[in-house]
1. Looking for something out of contact with any Lys or Arg (no Cβ under 7 Å at 6 or more places or on another chain), away from ligand 1 (no atom under 13 Å from the Cβ) and not in a loop (DSSP other than H, G, I, E, B) - is there at least one such residue anywhere in the stretch 40-52?
2. Among the candidates 160, 111, 57, which residue alone is among the basic types (Lys, Arg) and within 16 Å of ligand 1 (Cβ to nearest atom)?
3. Would you point out the residue of the stretch 46-57, among those that are more than 11 Å from ligand 2 (Cβ to nearest atom) and in contact (Cβ under 8 Å) with a residue 40 or more places away in the chain, that is nearest to residue 22 (Cα to Cα)?
4. Being within 16 Å of ligand 2 (Cβ to nearest atom) and within 18 Å of residue 142 (Cβ to Cβ) narrows it down to one residue among 63, 18; which is it?
5. Considering each of 143, 128, 93 in turn, give the residue that is within 14 Å of ligand 2 (Cβ to nearest atom), over 22 Å from residue 17 (Cβ atoms) and surrounded by fewer than 17 Cβ atoms within 10 Å (Cβ to Cβ).
6. What number of residues in the stretch 140-155 are within 12 Å of ligand 1 (Cβ to nearest atom) and free of Cβ contacts under 8 Å to residues at least 40 places away in the same chain?
7. Go through (1) of a type in the set (A, V, I, L, M); (2) farther than 30 Å from residue 165 by Cβ; (3) in contact (Cβ under 8 Å) with a residue 24 or more places away in the chain for residue 1 and report which single condition fails.
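The values are calculated or read from the model by the stated rules, or taken from the named source; none is laboratory data. Note that the structure is a prediction, hence the values are computed from the model and not measured. Cβ placement follows ideal geometry from the backbone for every residue including glycine, while neighbour counts extend to all protein chains displayed.
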Amino acid sequence: MAKLDILIAPDRRLRTRCARLGAVDDAARRVLDDMLETMYAAPGIGLAAPQVGVLKRLVVMDCARNEEEPAPLKLVDPEIVWRSEALVTDNEGCLSLPEVYVDVERPDAVRVTYLDEHGTPQEVEAEGLRARCLQHEIDHLNGVLHVDYLSAVKRGVILRRLEKSKRRKQD
Ligand code: GNR
Ligand code: NI
């Protein structure tokens, strides 16, 4: 396994609609393993492939608390097939927008279909933090970031600040 570099916004690759895989091969399994290692090292509770520059519909997650057993989840071509009517607002972070926390209103529960690492179709229903994380990651696959739920003015302020701090690090 290898730890990958996490892209920081603004970056065009974080704004791309990622491609479906349709099937799972060794190359996809390797990216998923590298993504999990990268996510645990960050640390984060989820990671989408575009965050490591891979423009494919791959997601890894682990929302287990520190005192719980690890519960890694690898999802290929995840798709939301049901959303609860009940909405909840909670604070979200993103590894691609360090230190930017945004209150986002989302359905409290979702059902998601996906292919597992063996290519077998699976379905998962989640609520609370797991549902929020699934929605946040699937947003990434569509080029959507948590700041997109803010007003254009607030989003602009945040993205320009990130742009400047990236430029400072480069030179
Ligand atoms: O680590 C993460 N924490 C988090 C907290 C609330 C809602 C979503 C997330 S996902 C984030 C990691 C990340 O950026 N995934 O794309
Ligand atoms: Ni994110």
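1. no
2. Working: 160 fails: within 16 Å of ligand 1 (Cβ to nearest atom); 111 fails: within 16 Å of ligand 1 (Cβ to nearest atom).
Result of the check over 160, 111, 57: 57.
3. Here is the first cut: in the stretch 46-57, the ones more than 11 Å from ligand 2 (Cβ to nearest atom) are 49, 52-57.
Then drop every residue that is not in contact (Cβ under 8 Å) with a residue 40 or more places away in the chain, which leaves 49, 52-53, 55, 57.
Working: 49: 15, 52: 20, 53: 19, 55: 14, 57: 10 Å.
Ranking the candidates gives 57 first.
4. Going through 63, 18 in turn, the sole match is 18.
5. 93
6. Adding up the residues that qualify gives 1.
7. With respect to (1) of a type in the set (A, V, I, L, M); (2) farther than 30 Å from residue 165 by Cβ; (3) in contact (Cβ under 8 Å) with a residue 24 or more places away in the chain, residue 1 is out only on (2).
Results for (1) touching a helix residue (DSSP H, G or I) at 6+ places or on another chain (Cβ under 8 Å); (2) over 23 Å from residue 64 (Cα atoms); (3) of a type outside the set (Asp, Glu); (4) at pLDDT below 95, shown as yes or no for each residue.
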{"position": "115", "(1), (2), (3), (4)": "no, no, yes, no"}
{"position": "119", "(1), (2), (3), (4)": "no, yes, yes, no"}
{"position": "138", "(1), (2), (3), (4)": "no, no, yes, no"}
{"position": "143", "(1), (2), (3), (4)": "yes, yes, yes, no"}
{"position": "150", "(1), (2), (3), (4)": "yes, yes, yes, no"}
{"position": "157", "(1), (2), (3), (4)": "no, yes, yes, no"}
{"position": "160", "(1), (2), (3), (4)": "no, yes, yes, no"}
{"position": "168", "(1), (2), (3), (4)": "no, yes, yes, yes"}
